[in-house]
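The values are calculated or read from the model by the stated rules, or taken from the named source; none is laboratory data. Since the structure is predicted, the reported quantities are computational estimates derived from the model, not experimental observations. Cβ atoms come from the backbone with ideal geometry, glycine included; neighbour counts cover every protein chain shown.
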Amino acid sequence: MENWRKNVNNDINFIPTMGNLHNGHIKLISTAKNDNQNINLVSIFVNPLQFNNRLDLKNYPKTINNDIKISFANGADAIFIPSTEDIYPPNNKNIEFLKAPKELSSTLCGLDRIGHFDGVCTVVYRLLNIIKPKNLYLGEKDWQQLLILKNLVLTKKLNVAIKSIPTQRDFDGIPLSSRNIHLSKNDRKLIKFFSNELFEAKNNFKQGKNINLKEIIKKLSSEKISIEYLEHLHPYTLKKARTEDNISLLAGAIRCGKTRLIDHVFLMKRRPIIAIDGPAGSGKSTVTKLIAEKLKLLYLDTGAMYRALSWLLIKENIDYKKEKKLQNILQNISIAFKSNKNANQDVFINNYCVTEEIRSQEISSIVSKISSIKEVRNFLVEEQRKIGESGGLVAEGRDIGTTVFPDAEIKIFLTASIDERAKRRKSDKNSKDSQEIDLHALKRLIEKRDFEDSNREISPLIKANDAIEIITDGYSINEVVDKIIDLYNDKIPKETQFK
Ligand code: PAF
């Protein structure tokens with residue numbers, strides 16, 4: 001393998017398996033193939049270190065010839081089938097036997113399978129060191145394993161990106177697993193009952209009902225299902241789920257005869273939210289629009305809402321300094337976004353389409369002042385929260401991560417130097433600034449806007465504590481978009497990304 005690796009110049013997608021390949025593995029291999037032009041390497045190695053039960057290891061299904069056929073038929077370019085001695089040479093004193101972190105490995109499957117995750121870490125670390133892949137493909141079915149391996153990559157500072165795929169299910173809804181071949185007809189009925197219970201809990205949770213573990217366990221026990229564990233946990237820390245968690249994990253393991261099977265669902269109050277904040281000219285709009293398109297999320301341009309309102313106040317000559325008058329006006333305002341025929345979004349205020357008008361210098365020079373009025377802010381923040389109630393959106397603005405959606409799953413603070421931002425505004429063909437103002441004056445305007453936005457009393461432009469700052473000088477739009485999408489994919493289980 002080391003020799004082969006030396007002669008491969010392309011990047012590698014690595015798909016580690018223990019063989020007995022099923023549709024779950026096929027999805028991993030075909031996803032890797034469709035992702036990029038890299039070489040796809042599948043490994044088949046039944047790692048003795050991750051079995052705490054000798055019989056389980058002995059009985060682990062081995063179907064090597066079929067596995068080879070399946071791998072090549074679905075996109076593998078090469079297959080690595082080492083022997084135990086290849087991976088663990090008996091006299092090699094340099095093998096690093098790793099320990100999985102206690103916080104992640106002492107719960108769920110780690111409770112009963114002592115040493116299992118240490119064995120997984122050891123083998124994956126060895127394989128990664130030999131293969132040096134660019135991408136590592138893993139299934140979300142083994143969610144705890146995925147978290148532990150992400151932690152391994154982080155702590156060992158390995159230069160590999162982990163890509164995950166959702167749990168693949170059989171025709172009857174039970175998760176695909178190599179161990180399923182040991183199941184009798186009755187076992188399958190039991191695991192189907194168990195999976196159905198998890199899905200029912202998921203639906204109940206979505207409708208606002210609490211999770212009652214004891215009740216679910218009682219129902220499972222009445223079907224004579226032997227439960228090893230059933231836990232409701234935070235999806236990343238694996239600590240007990242808290243009521244405020246938007247996404248949580250309901251995971252269980254049951255025994256059918258001698259076979260042990262796991263399944264889980266993610267419970268969600270709403271779909272995920274990405275919050276992108278930052279100053280004018282940081283590239284927010286372009287980046288946010290592209291992310292919305294690529295991740296099929298709703299695009300919420302909160303700046304356009306402030307601009308639309310400013311437009312109306314100016315057009316109707318409303319003295320917005322008079323509180324009472326403003327309150328009355330706000331009560332009768334409706335702002336809506338609609339897709340237009342160019343696949344862009346039009347902004348409407350009280351049914352006027354104002355997409356073009358709100359980009360004028362007149363509006364640019366007044367929007368910061370209007371958006372610092374308490375009544376305006378409160379009104380539009382409420383409107384924005386209504387739009388984001390069921391999630392599934394990427395919102396851009398100046399106070400999204402701090403005020404509008406403080407519980408957004410991904411918070412980005414996008415910025416760039418004043419020089420860079422002025423240059424971008426100048427060359428933006430859609431912005432009237434490019435014709436009306438010279439570069440030097442544009443810089444002063446941007447500085448002034450930054451100052452006003454950062455120093456206003458209500459919802460000033462500041463980076464949320466848990467936001468990731470991206471300084472976009474020198475990066476292309478696509479590089480920034482890809483970085484944010486990677487952060488999203490890394491954090492949000494694929495299983496929750498679809499409706
Ligand atoms: O998930 C598996 O199949 C195994 O744990 C892995 C990642 C191939 C390591 O042996």
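Structure data summary
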| read-out | value |
| --- | --- |
| Residue within region 144-160 that is over 18 Å from the mean Cα position of the chain (by Cα), away from the ligand (no atom under 11 Å from the Cβ), more than 17 Å from residue 16 (Cβ to Cβ) and charged (D, E, K, R) present | yes |
| Test set (1) modelled with pLDDT of 95 or more; (2) over 26 Å from residue 140 (Cβ atoms); (3) among the polar types (S, T, N, Q) - residue 94 fails condition number | (1) |
| Residue within region 228-237 that is buried (at least 19 other Cβ atoms within 10 Å of the Cβ), outside any strand (DSSP E or B), in contact with a Phe, Trp or Tyr (Cβ under 8 Å, 6 or more places away or on another chain) and not acidic (Asp, Glu) present | yes |
| Hey, residue 202 among the basic types (Lys, Arg) and exposed (fewer than 14 other Cβ atoms within 10 Å of the Cβ) or not | no |
| Residue list for region 31-41, restricted to those being more than 17 Å from residue 65 (Cα to Cα) and within 16 Å of the ligand (Cβ to nearest atom) | 31, 32, 40 |
| Tally, over region 31-50, of residues that are part of a loop (DSSP other than H, G, I, E, B) and crowded, with 19+ Cβ neighbours inside 10 Å | 2 |
| Filtered residues of region 166-178 (kept if crowded, with 19+ Cβ neighbours inside 10 Å and within 19 Å of residue 492 (Cα to Cα)) | 167 |
| Those residues of region 136-159 which are crowded, with 19+ Cβ neighbours inside 10 Å and closer than 25 Å to residue 7 by Cα, in sequence order | 136, 137 |
| Wholly enclosed strands (runs of 3 or more DSSP E) of region 283-364 bearing at least 1 residues basic (Lys, Arg) | 335-339 |
| Within region 253-282, tally of residues that are under 30 Å from residue 427 (Cβ atoms) and part of a loop (DSSP other than H, G, I, E, B) | 5 |
| Inter-residue pairs, beta-carbon under 6 Å, first over 14 Å from residue 398 (Cα atoms) and free of Cβ contacts under 8 Å to residues at least 60 places away in the same chain and in region 364-376, second in a helix (DSSP H, G or I) and among the aliphatic types (A, V, I, L, M), 6+ apart | 375/326 |
| Matching residues in region 179-199 - criterion: being surrounded by 15 or more Cβ atoms within 10 Å (Cβ to Cβ), aromatic (Phe, Trp, Tyr) and in contact with a strand residue (DSSP E or B) (Cβ under 9 Å, 6 or more places away or on another chain) | 194 |
| Within region 48-83, considering residues that are polar (S, T, N, Q) and either within 12 Å of the ligand (Cβ to nearest atom) or within 31 Å of the chain's Cα centre (by Cα) (or both), the one farthest from residue 4 (Cα to Cα) | 50 |
| Of all residues making up region 54-80, the number that are outside any helix (DSSP H, G or I), free of Cβ contacts under 8 Å to residues at least 60 places away in the same chain and within 29 Å of residue 115 (Cβ to Cβ) | 3 |
| Inter-residue pairs, beta-carbon under 8 Å, first of a type in the set (Lys, Arg) and in region 439-463, second surrounded by fewer than 18 Cβ atoms within 10 Å (Cβ to Cβ) and modelled with pLDDT of 85 or more, 6+ apart | 443/418; 443/419; 463/469 |
| Inter-residue pairs, beta-carbon under 9 Å, first within 25 Å of residue 261 (Cβ to Cβ) and of a type in the set (A, V, I, L, M) and in region 130-148, second away from the ligand (no atom under 13 Å from the Cβ) and in a strand (DSSP E or B), 6+ apart | 136/13; 136/161; 136/163; 138/163 |
| Extreme residue, farthest from residue 307 (Cα to Cα), among residues of region 241-281 that are touching a residue at least 60 places away in the same chain (Cβ under 8 Å) and polar (S, T, N, Q) | 259 |
| Selected residue (only one of 162, 216 is out of contact with any Lys or Arg (no Cβ under 9 Å at 6 or more places or on another chain) and crowded, with 16+ Cβ neighbours inside 10 Å) | 216 |
| Filter result (within 16 Å of the ligand (Cβ to nearest atom), assigned to a loop (DSSP other than H, G, I, E, B) and closer than 26 Å to residue 271 by Cβ) within region 172-203 | 176 |
| Any hit, region 1-11, residues being surrounded by 18 or more Cβ atoms within 10 Å (Cβ to Cβ) and hydrophobic (A, V, I, L, M, F, W, C) | no |
| Residue within region 147-157 that is among the hydrophobic types (A, V, I, L, M, F, W, C) and part of a strand (DSSP E or B) present | no |
| Qualifying positions in region 229-252 - modelled with pLDDT of 95 or more and farther than 23 Å from residue 151 by Cα | 229, 230 |
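Per-residue answers, yes or no, for (1) touching a helix residue (DSSP H, G or I) at 6+ places or on another chain (Cβ under 9 Å); (2) within 17 Å of residue 159 (Cα to Cα); (3) of a type in the set (A, V, I, L, M, F, W, C); (4) away from the ligand (no atom under 14 Å from the Cβ):
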| position | (1), (2), (3), (4) |
| --- | --- |
| 2 | yes, no, no, yes |
| 5 | yes, yes, no, yes |
| 12 | yes, yes, yes, yes |
| 15 | yes, yes, yes, no |
| 19 | yes, no, no, no |
| 29 | yes, no, yes, no |
| 43 | yes, no, no, no |
| 46 | yes, no, yes, no |
